[in-house]
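The values are calculated or read from the model by the stated rules, or taken from the named source; none is laboratory data. Computed from a predicted structure; not experimentally measured. Virtual Cβ from ideal backbone geometry, glycine too; neighbours counted across all protein chains shown. Protein only, heavy atoms only, side chains kept; ligands, DNA and RNA dropped before computing areas. Shrake-Rupley method; radii C 1.70, N 1.55, O 1.52, S 1.80 Å.
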Amino acid sequence: MAKLKIGGAWSGVLEVELEEWTVPMLRQEVAKRSQCGPESINLICAGKVLKDGDGTQNLTQLGVKNNAKVLASRVSADQGKALKDELMAEDERSSRLSRLKATVTSLAKRHADGSLPLEDFNIELENQSGEAVQLGSETDQRAVMMGLMLHANAKQLISREKYKDALEVLAMGEEAFSLCNSKVIELIDNVPILQIDMVWCYFMLRDISWLSMAGIRLSKAREGIERAHGKDASRLRLLQGGRYPEIALHLRMELLEGVVAYHSGQFEKSRLALTNAQTRYFQLQVPDEALSLLMSMGYKERNAIRALRMSNQDVESAVGFLVEEKEKKAQKQEEDIRRRNEIMEQKLYGMTPLRKPVDLQRLNELVSIGFEKDLAAEALRRNENDTQKALDDLTNPDSNSAIQLDIDSRKRKRQRQAADAAIEELISMGFPRAKVVAAVRAFGGKDQALSHILSQTDQNTSDGNTSSSAPIPNTIGADILCPEGGVEGLSGINEAPMTDGDVKVGPSTKLDERDVEMEDELTEELHKADALSDYDIEVMREGAAINEYLALLASAENGEKAVLAAQ
C-alpha cells in the first residue's frame, strides 16, 4: 500500500493501491471525507490537474508516486461542473489533434510515394496556375503535403474563430514544413503565410505574451514573401498576369507589424506600418458602380468582389479573371473525373509488389502494339512497371500462359467473393438460404436473383401454394457450389476491383488503420480551396483594427504633448 498526503479541502493521509486506484476513485474518497460531492473536488499533483480521462488509467500511469502530495481544492457545484466540462473539452481537443496529425501523416504518405490510393482521388501539389508540380524528393513532397493539409484545416478553425485550436494546428503545420529541404521551402510562399496566420491568431486572442515571438515570425514572413514573390511582388505579378492578389495579405502583415511595434513602444515605426496598411485597405474597397456592373453580368456578389480586389478594381481585368476562373474550374472538374476513372481502372489491375499502381501510359503502349489489356496490365504489375521486363514475359509462351492462368484464377476468386456477398445480402433480407443460393447460381447477379425470387414468391402466392417453387433454369452448365459457400465460375457478376488479397503483401506494406471521418474533413477543405485562397482575405476586422491602433497612437502622441506643455 502506498501513502498519499492530501491537503486542502481535507487534510490527512490516504493509503491506496497505486496500480489499482484511478483518479475517479481517489476523487470519490476525498469527497467522502470532505462531506461533499465528487464533482466539487479538484485534484492537483506535481503541478498537474489530475483528470478522470476514460477512467482506465491508474495513478501510477499518471505519475503519482508513494508519499506524493495531492492538493484537493473544493469548488462550488457549478464550478465543479464547469471544470469537469472544461477538462472533458480539453481531452476531446487533444484527441482531435492526435487524430488530425495521424490522418495527415497517413494521407501524405499514401499520396506522396506514388502508391495506389485507397480513395478515388489523388492529393497532388499544384502551383498558382493549377498545374501539378514535383517539389524535391519524396520526403519533401510528403512534408509539404502535410504542412498544406494542416494549414488548410487551421484556416477553417480561424474562420470559425477557434483561434486557440488553430494555433495548435498551425504549429503542427510549421513542424511539418520544417521537415522539408530549406531550398524547396524558399520557392513557395506557404510558410510565410502560415507565419502571418499564427500572428493573426495571437492578435485575435489579444495575447500580449506572444509579442516577441510575433515580431520574429513577421520578420521571417516578410523575408519569405519577398523571396517567393520577388521584389515588389514582380514574380507574383508575372505569374498572375498583372493582377494583384497579394494586397490583402500585405495589409494584414503590415497591420500586425504596426501592432507589434506599438506594444514595443516604437510609435513611429507603428505609425508607418499602420498607415501603409490603411492605404492598402482603401485600395481594396470595391466601388459600388464596378460591383453593380459585374453583378448585372450574372456574377455572384462574393465572386465579383474577389475579382475586383484581385484586379486592383479594374473592371475589364476582373471580367477576364472571372472567365479564367470558370474555365479553370471546368477544366479541374474534367481532370478530377479523368483521374478518378484512372484510379478505378488501376484498382482493377491491383498493386505491384511495392504497392504501386499499374502505369496506364505504359499499359496503353503495350496495348497499342497488340497485347490484351488485362494480360499487359498483369505483366507490368508483376514487373514494377518495367516495360522491357513486361515485354519479355508477354513474348515468352510459358510466362504468358502463367500470367493468363493467374488472371483467370483471380477473376474466379472475385466472382466467388461477389457471389458470396450477394448471397449473404439476400439472406439478410429474410429469404431461405437454399432458394437464394440456387437463384444466385442460376442468374449470377444479385438484382437478377432477387427479381427471380420475388417473381416466384408472387407466383406461389397467387396459386395459393407457398411450399413449392418453379424450377430454376441452369444457365451455368458445370458450375458447382464451392466449399467456401460461394459459387465458382458465375457469369454475369460484375467484377469487383482487385483487393489486397490478390497481391502478396509483406509486413512492411501493411495498411495503416484509416480515420475515414477525419480524412473526409481534410479532403473537403482541400477541395474547397484554390490557388488564390491564401490571398482571399475578408479585411473588415483588419480595417477596424487599423483605426483602433491609429487612435491609440494619436492618444499617446497627445499625452506626450501634454506632458511637454506641463514642463
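A few points about this structure:
Residues checked against (1) among the aliphatic types (A, V, I, L, M); (2) farther than 30 Å from Y549 by Cβ; (3) open to solvent by 70 Å² or more (accessible area, probe 1.4 Å):
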| residue | (1), (2), (3) |
| --- | --- |
| R280 | no, no, no |
| P287 | no, no, no |
| G298 | no, yes, no |
| D314 | no, yes, yes |
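- One residue from D91, D165, D78, D54 being more than 30 Å from Q331 (Cβ to Cβ) and either among the aromatic types (F, W, Y) or at pLDDT 85 or above (or both): D165
- Residues in the stretch 283-316 that are charged (D, E, K, R) and touching a residue at least 24 places away in the same chain (Cβ under 8 Å): R306, R309.
- Residues in the stretch 519-558 that are modelled with pLDDT of 85 or more and part of a loop (DSSP other than H, G, I, E, B): D536, I537, E538, V539.
- Selection from the stretch 342-360 of residues that are surrounded by 12 or more Cβ atoms within 10 Å (Cβ to Cβ) and farther than 20 Å from A379 by Cβ: I343
- Helices (runs of 4 or more DSSP H) contained entirely in the stretch 138-240, each with at least 2 residues that are closer than 29 Å to E521 by Cβ: 138-159, 163-178, 182-185, 190-205, 211-229
- Test: residue in the stretch 164-187 that is among the small types (G, A, S) and in contact with a Cys (Cβ under 9 Å, 6 or more places away or on another chain): yes
- Selected residue (criterion: surrounded by the most Cβ atoms within 10 Å (Cβ to Cβ)) from residues of the stretch 27-42 that are modelled with pLDDT of 85 or more and in contact with a strand residue (DSSP E or B) (Cβ under 6 Å, 6 or more places away or on another chain): V30
- Subset of the stretch 387-439 that is under 29 Å from I453 (Cα atoms) and assigned to a loop (DSSP other than H, G, I, E, B) - its residue that is least open to solvent (accessible area, probe 1.4 Å): F431
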